[in-house]
Amino acid sequence: MQRTDDGQTVKLSDYRPTDFDLHAVELTIRLYEGRAAVRAQLSLSRRAGIAATVPLRLDGDELTLTSLALDGEAVASDRYTATSDALIVEDLPESARFALTIETELVPEDNTQLSGLYRSNGIWCTQCEAEGFRRITYFLDRPDVLAPYKVRVEADKAAAPVLLSNGNPVESGDLGDDRHFAVWDDPFNKPSYLFAMVAGDLDAVHEPFTTASGRKVTLGIYTEKGRVHQAAYAMDALKRSMLWDERRFGREYDLDVFNVVAIADFNMGAMENKGLNVFNHKYVLLDPDIATDADYAGVETVIAHEYFHNWTGNRITCRDWFQLCLKEGLTVYRDQEFSADEREQTVQRIGAVRRLKAHQFPEDQGPLQHPVRPSEYREINNFYTATVYDKGAELVRMIATLLGRGDFRKGMDLYFERHDGEATTIEAFIACFEAASGTDLSQFARWYAQAGTPTLTVREAYDPAARRFEVTLRQTLSEGAAGTGTAPMVMPVRFGLVGDNGADGDPAGTVCGDARIADDLIVLTGKSASVTFENQPSRPHLSVLRDFSAPVTLDHDQDAASRLTLARLDPNLFNRWRAASDLVGDALAEAGKDPLGDSTQPLPDAVIDALLASAGDDALDPAFRAQAIALPAEMDIARQIAVKVDPDRVHDAVESARQQIGKKGYPVFERLRKGFDPRAAFSPDAASAGTRALANTALSYLTAATQDPGSALRQYDAATNMTDRMAALAILAHHFPEEPGTATALDDLYRRFEHDDLVLDKWFALQASAPSHDAVEAVARLAEHPHFTLRNPNRVRALVGTFATANQVGFHRPDGVGYQWVADKLADLDTINPQIAARIATTFRAWRSFEPARRQKIETTLRDLRDIKGLSKDLRDIVERSLK
Ligand code: ZN
């Protein structure tokens with residue numbers, strides 16, 4: 001039996017199936033003010049070969065048993081043991097099926113962890129992934145135990161006119177006493193983590209959808225009262241997702257209804273429960289007045305992601321939690337492909353790579369390092385990570401790159417055909433691509449087992465007399481905290497040989513060493529290999545790792561002239577962006593680390609000219625141009641510096657770069673502003689969003705150049721949508737904190753949107769991210785604000801999370817007060833919601849990379865946290881691993 005008790009480690013190698021099979025589940029949930037009564041009837045049988053002396057052991061978590069019956073008869077008290085976290089029943093039938101009826105009582109109102117059954121603004125809802133179902137009833141709470149569920153919900157009619165669960169609605173009616181009931185039937189076998197129930201006074205919008213084969217589905221989105229008009233875009237995104245999955249992967253929806261519920265208090269983004277997705281309302285509710293373009297893109301992605309899980313996660317699920325990337329990496333890959341098709345390919349890829357480098361690379365290079373498929377954990381909630389999700393998606397992307405689109409699709413088809421209805425493993429997934437393509441992927445599978453970011457070293461040599469260009473590739477992986485090995489991996493490296501005119505030359509080359517080449521793809525399989533290109537009349541500019549074809553750190557000692565040429569002319573737009581962004585990143589890392597260097601002019605003129613060339617090129621997509629001129633985040637620069645980081649210096653370098661670019665690019669930015677009409681009607685489409693992004697980036701540079709907040713103040717006042725309003729307000733709050741108009745604008749936002757929690761989150765987050773040594777006093781004051789609460793995860797993330805991750809100057813104040821404040825908040829939060837406390841605590845993991853004084857202060861903070869008595873296992877796990 002797998003257990004996750006305090007201090008105990010669960011190991012992949014210990015996996016074995018359950019002793020009992022589960023055949024069907026019938027649940028009755030009775031909801032009252034202040035309590036809920038749950039009756040679970042489980043149809044079970046002993047598995048063949050399991051001795052009759054073996055008891056049934058069910059998981060629980062903070063449960064109270066009120067009654068237990070076997071085949072309708074009360075079970076004698078000497079035949080079972082019930083504790084809050086387990087129910088053990090002895091003397092069960094040797095082979096026949098039996099029905100166990102378990103009754104438990106809960107207090108959803110007291111459930112502040114938001115796992116299991118809880119109440120959010122009066123709405124009863126559940127969250128069961130990963131181990132929340134055991135907080136509702138005793139159960140074989142693991143993903144390889146699948147069964148059909150029939151669920152009956154009873155509640156007061158006025159408090160909960162809407163009663164929802166998984167599957168199809170089959171019955172509803174009156175119970176008298178102002179109470180009513182509904183029965184839901186989910187015919188698909190599912191694990192307990194996909195169970196859901198929602199009951200409350202909700203508004204709804206419904207729309208019909210007909211699948212490719214003619215199934216009529218009713219789509220529903222449920223919201224808190226008065227907000228359903230904000231669900232229109234989510235509904236549109238849902239329909240587009242359904243169509244896309246039919247076209248791209250041949251996957252249709254399979255029930256009569258598909259419901260989405262938007263909830264205010266939610267630990268994560270959203271949850272893919274079968275037929276009843278439950279969302280953090282941040283990823284459903286939108287209108288132009290409250291939401292930015294980034295929010296629209298987020299809703300579209302998350303709606304798609306959860307919908308896509310119906311096939312990759314629900315129809316085919318995970319055998320155990322070590323296989324989490326089987327559903328998450330694959331589903332992120334699918335949602336990224338959807339966004340690339342719905343929006344713009346290169347811009348989407350740039351965004352995904354930025355996120356990977358900002359979140360996954362630091363995780364992979366620090367003490368919390370773990371493989372995409374971990375082999376052990378103490379607390380599974382701490383493994384919903386960038387590595388499992390985003391690196392997991394990169395691995396699927398590499399399979400697609402290696403196989404090509406056709407064979408990749410064949411492999412996916414085979415996966416759906418072979419494993420539909422099963423709980424399976426990464427091995428089974430990979431085997432489908434091997435079978436469909438005839439490719440041996442056994443070496444590739446190391447990507448799932450070996451943690452760490454490999455370095456791809458690229459060296460080049462040109463012999464003009466022989467007209468020969470030679471490229472040497474070498475891969476290295478150093479052993480990190482996970483200790484999972486450093487054997488060479490299969491690395492797909494897309495490339496091009498760019499001429500001075502910006503055109504790709506013939507990529508035909510000859511390989512020497514452990515690699516192969518086909519068209520524009522080199523696949524490096526050994527530690528090193530070289531590729532020779534003949535008939536090169538002049539030295540080509542090597543554009544390597546196009547589209548970020550492998551999740552590696554690139555070490556390419558290319559000369560400045562080639563880098564600048566690629567930054568202007570690379571026909572692969574992703575690499576054009578990366579060439580420029582690496583030039584900027586390298587220069588800022590230099591300026592940010594050298595205590596004697598000149599950090600007031602960090603960027604060479606030629607680099608700025610290359611950025612401005614892209615920004616000013618009207619032939620390019622505006623969203624791409626905005627990305628091309630955006631500076632790297634301070635955290636990314638810090639990661640590049642890697643040792644003895646001083647966040648104040650990094651910040652100063654970035655600030656000087658903004659002013660430098662603003663001054664040099666003044667005419668370009670002015671021209672970009674001229675073509676921009678802030679009063680144009682709002683449309684959330686990608687092209688319009690790109691235009692706004694470019695104009696707002698230009699505004700930021702113009703104000704940096706002039707040091708005059710006037711244009712930002714005017715834009716704040718004139719803005720007709722939240723994107724333009726927030727862009728202006730961010731410039732004011734971050735760069736003109738002393739300007740009286742800044743406080744007025746912040747106040748104005750507060751007063752206009754005080755009733756809207758999603759805008760209030762923005763208001764808190766914007767102030768929490770304002771870079772200053774006084775920021776800790778500011779966030780401490782905001783924590784006393786009547787609208788601040790540790791009970792709402794979005795609010796906590798907006799204030800504490802933003803300060804700890806997006807305010808390098810404030811959080812890393814040299815006296816350590818920033819660390820202390822965050823640690824104090826986390827200690828309080830840990831008693832309310834340990835999952836969120838543990839997640840925010842990961843910000844301390846980078847402590848070893850800072851200069852000695854800060855490094856020591858963070859270490860002390862972590863040690864003090866570790867020594868707190870009664871710390872949750874979630875937070876303890878993160879703190880202890882960070883210190884290792
Ligand atoms: Zn997911």
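Going by the conditions given, is ARG354 surrounded by fewer than 20 Cβ atoms within 10 Å (Cβ to Cβ) and either within 16 Å of the ligand (Cβ to nearest atom) or farther than 21 Å from TYR233 by Cα (or both)?
Details: surrounded by fewer than 20 Cβ atoms within 10 Å (Cβ to Cβ): yes; either within 16 Å of the ligand (Cβ to nearest atom) or farther than 21 Å from TYR233 by Cα (or both): yes.
For ARG354, the condition - surrounded by fewer than 20 Cβ atoms within 10 Å (Cβ to Cβ) and either within 16 Å of the ligand (Cβ to nearest atom) or farther than 21 Å from TYR233 by Cα (or both) - is met.
The set of residues in region 530-578 that are part of a strand (DSSP E or B) and farther than 25 Å from VAL654 by Cβ comprises SER530, VAL531, THR532, PHE533, HIS541, LEU542, SER543, VAL544.
Is one or more of the residues making up region 388-408 basic (Lys, Arg), out of contact with any Cys (no Cβ under 7 Å at 6 or more places or on another chain) and surrounded by fewer than 24 Cβ atoms within 10 Å (Cβ to Cβ)? Within region 388-408, one or more residues are basic (Lys, Arg), out of contact with any Cys (no Cβ under 7 Å at 6 or more places or on another chain) and surrounded by fewer than 24 Cβ atoms within 10 Å (Cβ to Cβ).
Do we find a residue being part of a helix (DSSP H, G or I) and out of contact with any helix residue (DSSP H, G or I) (no Cβ under 7 Å at 6 or more places or on another chain) anywhere in region 458-472?
Of the residues in region 458-472, the ones part of a helix (DSSP H, G or I) are none.
No, because not a single residue in region 458-472 is part of a helix (DSSP H, G or I) and out of contact with any helix residue (DSSP H, G or I) (no Cβ under 7 Å at 6 or more places or on another chain).
Taking the criterion of being over 40 Å from the mean Cα position of the chain (by Cα) and of a type in the set (S, T, N, Q), the residues of region 40-80 that qualify are THR53, SER67, SER77.
Among the listed residues PRO374, PRO362, identify the single one that is closer than 27 Å to THR455 by Cβ, assigned to a loop (DSSP other than H, G, I, E, B) and away from the ligand (no atom under 16 Å from the Cβ). Break it down into steps so the answer makes sense when it comes.
Details: PRO362 fails: assigned to a loop (DSSP other than H, G, I, E, B).
On inspection, the qualifying residue turns out to be PRO374.
Just name the residue that is nearest to the ligand (Cβ to nearest atom) out of those in region 268-286 that are in contact with an Asp or Glu (Cβ under 7 Å, 6 or more places away or on another chain) and farther than 17 Å from ARG119 by Cα. Per the stated criteria, the residue is GLU272.
Sub-7 Å Cβ pairs linking a first residue in region 324-350 that is closer than 30 Å to GLU376 by Cα and among the aromatic types (Phe, Trp, Tyr) to a second residue that is part of a helix (DSSP H, G or I) and more than 9 Å from the ligand (Cβ to nearest atom), at least 6 apart or interchain, are TYR333/ALA393; TYR333/VAL396; TYR333/ARG397, ordered by first then second residue. Selection of region 533-574 for residues being free of Cβ contacts under 8 Å to residues at least 60 places away in the same chain and under 30 Å from the mean Cα position of the chain (by Cα) yields SER543, ARG546, ALA567. Among residues of region 293-318 that are closer than 22 Å to ARG418 by Cβ, those with a Cβ under 7 angstrom from a residue that is of a type in the set (A, V, I, L, M) and more than 12 Å from the ligand (Cβ to nearest atom), sequence gap 6+ or separate chain, pair up as THR317/ALA423; CYS318/ALA423. For the residues GLY60, GLY72, the requirement of being loosely packed, with under 12 Cβ neighbours inside 10 Å and not β-branched (Val, Ile, Thr) singles out GLY72.
On the stretch given as region 147-194, residues that are of a type in the set (A, V, I, L, M, F, W, C) and exposed (fewer than 14 other Cβ atoms within 10 Å of the Cβ) total 3. If you go through region 292-345 and keep only what is more than 19 Å from LYS190 (Cα to Cα), more than 11 Å from the ligand (Cβ to nearest atom) and in contact with a strand residue (DSSP E or B) (Cβ under 8 Å, 6 or more places away or on another chain), you end up with just ILE303. Take region 720-753 and flag every residue that is within 21 Å of TYR296 (Cα to Cα) and assigned to a loop (DSSP other than H, G, I, E, B). The answer is THR720, ASN721.
Restricting to region 613-640, what's the tally of residues that are surrounded by fewer than 21 Cβ atoms within 10 Å (Cβ to Cβ) and among the hydrophobic types (A, V, I, L, M, F, W, C)? Within region 613-640, residues that are surrounded by fewer than 21 Cβ atoms within 10 Å (Cβ to Cβ) and among the hydrophobic types (A, V, I, L, M, F, W, C) number 6.
Within region 490-529, the set of residues being in contact (Cβ under 8 Å) with a residue 60 or more places away in the chain, in a strand (DSSP E or B), surrounded by fewer than 19 Cβ atoms within 10 Å (Cβ to Cβ) and over 33 Å from the mean Cα position of the chain (by Cα) comprises ASP504 only.
Each residue in region 530-541 was checked for being farther than 24 Å from PRO454 by Cβ and either surrounded by fewer than 17 Cβ atoms within 10 Å (Cβ to Cβ) or polar (S, T, N, Q) (or both), and 5 of them qualify.
Quick one: would you say ASP289 is over 15 Å from the mean Cα position of the chain (by Cα), more than 16 Å from the ligand (Cβ to nearest atom), over 25 Å from GLY452 (Cα atoms) and buried (at least 24 other Cβ atoms within 10 Å of the Cβ)? Explain how you work it out, then say what you get.
Working: over 15 Å from the mean Cα position of the chain (by Cα): yes; more than 16 Å from the ligand (Cβ to nearest atom): yes; over 25 Å from GLY452 (Cα atoms): yes; buried (at least 24 other Cβ atoms within 10 Å of the Cβ): no.
Against the criterion (over 15 Å from the mean Cα position of the chain (by Cα), more than 16 Å from the ligand (Cβ to nearest atom), over 25 Å from GLY452 (Cα atoms) and buried (at least 24 other Cβ atoms within 10 Å of the Cβ)), ASP289 does not qualify.
Of all the listed residues (PHE139, PHE133), the sole one being under 20 Å from ILE316 (Cβ atoms) and either small (Gly, Ala, Ser) or surrounded by 20 or more Cβ atoms within 10 Å (Cβ to Cβ) (or both) is PHE133.
Per the listing ALA613, ALA687, the residue uniquely in contact with a Pro (Cβ under 8 Å, 6 or more places away or on another chain) and in a helix (DSSP H, G or I) is ALA687. Among residues of region 579-590 that are part of a helix (DSSP H, G or I) and of a type in the set (D, E, K, R), those with a beta-carbon under 7 Å from a residue that is at pLDDT below 95 and surrounded by fewer than 22 Cβ atoms within 10 Å (Cβ to Cβ) at least six positions away or on a different chain give the pairs GLU590/GLY597. Here LEU219 clears all of (1) under 18 Å from ASN792 (Cβ atoms); (2) in contact with a strand residue (DSSP E or B) (Cβ under 6 Å, 6 or more places away or on another chain) except the condition numbered (1).
The values are calculated or read from the model by the stated rules, or taken from the named source; none is laboratory data. Please read all numbers here as calculations on a predicted model, not as lab measurements. A quick note on method: Cβ atoms are made from the backbone with ideal geometry, for glycine too, and the neighbour counts reach across all protein chains shown.
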